[in-house]
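Shown next, in structure tokens, is the structure this report addresses.
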Amino acid sequence: MIAMDESNISFFKDGCRLDGRKADQLRPLKIEVGVLARADGSCYIEMGGNKVIAAVYGPREVHPRHLQEVTRAIVRYRYNMASFSVEERKRPGPDRRSYELSKVSREALEPVILTSYFPRSVIDVFVEVLQADAGTRTAGINAASVALADAGIPMKSLISSCAAGKVADTIVLDPMKEEDNFGQADLPVAMTPNGDITLLQMDGGLSPAELHEAVEMAMNGCRQIYELQRKSLVDKYSQLESLSQVPEQEAEACD
Ligand code: CDP
């Protein structure tokens, strides 16, 4: 969040936000499953102006070996922002922000992954931000969760994530860049479909009543995202099912 005088910015016009949304509306969402041939599971997501890809590899052997856990798989999560993903070129390579986002995103997903099924192994999650427009950690978590399911990693549930924010003293869902950078607060949330929260961060300030409203709004956003995550997986696997039912003669004709 950039410390800047927000008084010059008009966040609302005729009751709508700068991109035409209502306060409690998500940005347009697109989810595509299985986009990378060489990953065990993958997902491409667009959340408004964010374009993010997640790739999952594993469970596989841990290198270096001293990282092995005898009772469970370890989960590694690498969040990376491409240098061309933001207005001002980002210096390539890890930095403090990417270490933080990798850590909190891993912790948001780990509680639902059945790591005890795969002792001494590693599940690697790579998240690449191709285009950033605020909420990249939430977009990354959504993509990673679907990519883990696509990789066949046993999980208790999916994880869905989105943020709420405060701009011009109004609580808004899924802030875009202008709202995030010049707003009064940003509150990313991740949760299971049952409403168990696995990520809750806050940047800026909210009163207890506003915090309650923002958490409720973000959770509501997560519920909507969950429906699309689920649908994208069901669509992919029902397509595969129907392909596997192509009559033998037709299948031969394609050889
Ligand atoms: O992306 P997210 O909201 O999870 O994290 P943030 O640190 O609050 O960043 C908010 C937004 O600021 C990013 O999504 C980018 O659009 C922008 N940003 C940037 O332009 N350059 C950076 N080096 C980091 C962030």
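The values are calculated or read from the model by the stated rules, or taken from the named source; none is laboratory data. Small disclaimer: the values here were computed from a predicted structure and weren't measured. Every residue, glycine among them, receives a Cβ derived from its backbone with ideal geometry; neighbour counts consider all protein chains shown. Each accessible area value is taken on the protein alone, full model and side chains, heavy atoms only, with ligands, DNA and RNA left out. Shrake-Rupley method; radii C 1.70, N 1.55, O 1.52, S 1.80 Å.
Numbers at a glance
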| quantity | calculated |
| --- | --- |
| Every residue from the range 84-128 that is within 16 Å of the ligand (Cβ to nearest atom), open to solvent by 60 Å² or more (accessible area, probe 1.4 Å) and among the hydroxyl-bearing types (Ser, Thr, Tyr) | TYR99 |
| Which listed residue, of ALA144, ALA214, ALA168, is of a type in the set (A, V, I, L, M, F, W, C) and more than 23 Å from GLU107 (Cβ to Cβ) | ALA168 |
| Residue match in the range 192-209 (condition: free of Cβ contacts under 8 Å to residues at least 40 places away in the same chain, on the phi < 0 side of the Ramachandran plot and in a helix (DSSP H, G or I)) | yes |
| Selected residue (criterion: farthest from the ligand (Cβ to nearest atom)) from residues of the range 152-167 that are part of a strand (DSSP E or B) and closer than 14 Å to ARG230 by Cβ | MET155 |
| Unmet requirement for ARG137, which otherwise passes all of (1) over 24 Å from ALA73 (Cα atoms); (2) within 13 Å of the ligand (Cβ to nearest atom); (3) among the basic types (Lys, Arg) | (1) |
| The range 173-203 - residue that is among the aliphatic types (A, V, I, L, M) and under 15 Å from GLN224 (Cα atoms) and, of those, farthest from the chain's Cα centre (by Cα) | LEU173 |
| Filtered residue count, the range 168-191, keeping only those that are at positive phi and away from the ligand (no atom under 15 Å from the Cβ) | 2 |
| Test: residue in the range 48-69 that is of a type in the set (A, V, I, L, M, F, W, C), over 22 Å from ASP180 (Cβ atoms), open to solvent by 70 Å² or more (accessible area, probe 1.4 Å) and modelled with pLDDT of 95 or more | no |
| Selection within the range 200-218 - surrounded by fewer than 19 Cβ atoms within 10 Å (Cβ to Cβ) and in contact with a helix residue (DSSP H, G or I) (Cβ under 9 Å, 6 or more places away or on another chain) | LEU200, GLN201, MET202, ASP203 |
| Complete set of residues in the range 143-180 that are out of contact with any strand residue (DSSP E or B) (no Cβ under 6 Å at 6 or more places or on another chain) and among the polar types (S, T, N, Q) | SER145, SER157, SER160, THR170 |
| Every residue from the range 219-239 that is open to solvent by 70 Å² or more (accessible area, probe 1.4 Å) and either at pLDDT below 95 or β-branched (Val, Ile, Thr) (or both) | VAL234, TYR237, GLN239 |
| Hits in the range 165-191 (condition: among the acidic types (Asp, Glu) and free of Cβ contacts under 8 Å to residues at least 60 places away in the same chain) | ASP169 |
